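The values are calculated or read from the model by the stated rules, or taken from the named source; none is laboratory data. None of these values were measured; they are calculated from a predicted model. Positions of Cβ are backbone-derived with ideal geometry, glycine not excepted, and every protein chain shown enters the neighbour counts.
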Amino acid sequence: MKFRYLAALFCLIVAGLFSSAQAASVGGHGVVYFTYDLGTYSSNIPWSLTTNNWYTPGRNFKTPIGLYNINPTLADSQLAAMRASGMDYIVLQFGMRDLSVCAASGACYNGFPDDWVWGELIDSSLGTMHPMHEANLRALLQRIVALGFRNVVIRFTDGAATQWTSWDEVAYSHSWNYIVKVHLITDQELAGSVTGAIYDLGGESAGNLAGQNLQFMQRLWQDYTYIFGSSDTFGFSSIANDANVSVALASYGTVRPPRYAFTAYGDVYAGLTSVWNNLPASERTKPIMLVETYHNDATTASQIARFLGEHPTFNLFAVTQWPLNRAPPCNGCDTNVSESAVSDLSTSTQLSAMAPLVAKFSQEPSNPALMSFSDVNCATTTTATCTIQGNFNYWNPPTAMAYQVYVSLPGQPRKLWACLSVNASSQAGWIVRNIPYLFEYFKTANCSSSVVGLKPDATARVYVR
């Protein structure tokens, strides 16, 4: 979502990496948690630079990372309502911006000098998180883990390089170090949990070649993959139109992400068609996420279903909703956020209009050659528990004579489920709906070998609605 900055403010792993159980369905659903409270701001009346905007009065428009601390009770209740709606994905957005100069001049002073917030923006001028923002991030991640979200998408939206006329190494280092800090905090808070993280290194950045943005993305991709690899990221998300998608891969070189993310508004069917038509054939078989679209919108659901029905090999693994309704209520009203969509965050019906797309069973296997899952009766039964089947393959290099499979549930330590030395299948009849399960596969010397400290050779997150 591109915003109006007012007040003069400036691998192919496999085709089935993320798969769902039924045609024209999507396994992961959620929300871009952009704001939890609009304060006195109203999107139902025309935008005004002086009386009705995101920036004044201070602390009016509240983003979770910037101002969770102002009303954590409200934010926590909204997170719980998302889970009660059946949502298992959540996007945390970091509206990074160097606010130091405008804060000093008073152009973005909001009356609260210690919060380093200006509307939807948070300061990144230190190259690290301000203490309050770090505390907010940790609290949000702890709550997300406790509620049992399957994945959190960490999304950075630093578009400053689009305005650079020449390379700015100091500004780049601030952005890079900020991303590293957030990544390390996220690693700490998600460690040992069933919740995974996926990183969007530049919201709607891929395809934007203005200023020094291409050079910024190329450098960031090189540094990120050197330190963190590419397995936990889409790289840079893109707007789903012909112009952006056609150049969206320019920043990656020979190392491309294992999945991609796009935003689509208006005719969402046409947007997905642009992705299909403009990605190389080898890339459009990778998992695709629709990281932004309208909030709980039946027209959007119908357009997505139509596209998936016509393109059965298109692997749309998740959809997350932006707090925006399809039609603005008035001429001059905000087209970036809708008051009713933000209010809806407190309800348990946030997926009601998207219901035709919701898969009953979905899985996210990192290496299906070793471990994958299939549904036995979860999509058809209404019982409290249902059955899935794990499918395991045995690879026998000289030092690994067995493999161990562990399972984790939210808030519980992982438990050994199986240890085998042959290709095998095993059924789990104890699956409870709306709880993410994390399965981990370890190659070991024998069944008594410890896996403490080892990185699994394959993982799979399984979710049943």
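Assorted remarks:
- Condition met for Gly66 (within 11 Å of Gly119 (Cα to Cα), in the same structural domain as Ser348 (by TED's automatic domain parsing) and of a type outside the set (D, E, K, R)): yes
For (1) under 25 Å from Asp200 (Cα atoms); (2) at pLDDT below 95, each residue gets a yes or a no:
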site: Phe61; (1), (2): yes, no
site: Asn71; (1), (2): no, no
site: Asp76; (1), (2): yes, no
site: Asp88; (1), (2): yes, no
site: Met96; (1), (2): yes, no
site: Val101; (1), (2): no, yes
site: Asn110; (1), (2): no, yes
site: Trp116; (1), (2): yes, no
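- Of the residues Val101, Val170, Val145, the single one that is at negative phi and either within 17 Å of the chain's Cα centre (by Cα) or surrounded by 22 or more Cβ atoms within 10 Å (Cβ to Cβ) (or both) is Val145.
- Qualifying residue in segment 396-409 (condition: in contact with a Ser or Thr (Cβ under 9 Å, 6 or more places away or on another chain) and under 21 Å from Asp88 (Cβ atoms)): yes
- Hey, Ser173 part of a loop (DSSP other than H, G, I, E, B) and at pLDDT 95 or above or not: no
- One residue from Phe361, Phe314 being touching a Cys at 6+ places or on another chain (Cβ under 7 Å) and over 30 Å from Asn446 (Cα atoms): Phe361
- Helices (runs of 4 or more DSSP H) contained in segment 61-130 and holding at least 3 residues over 21 Å from Leu141 (Cα atoms): 100-105
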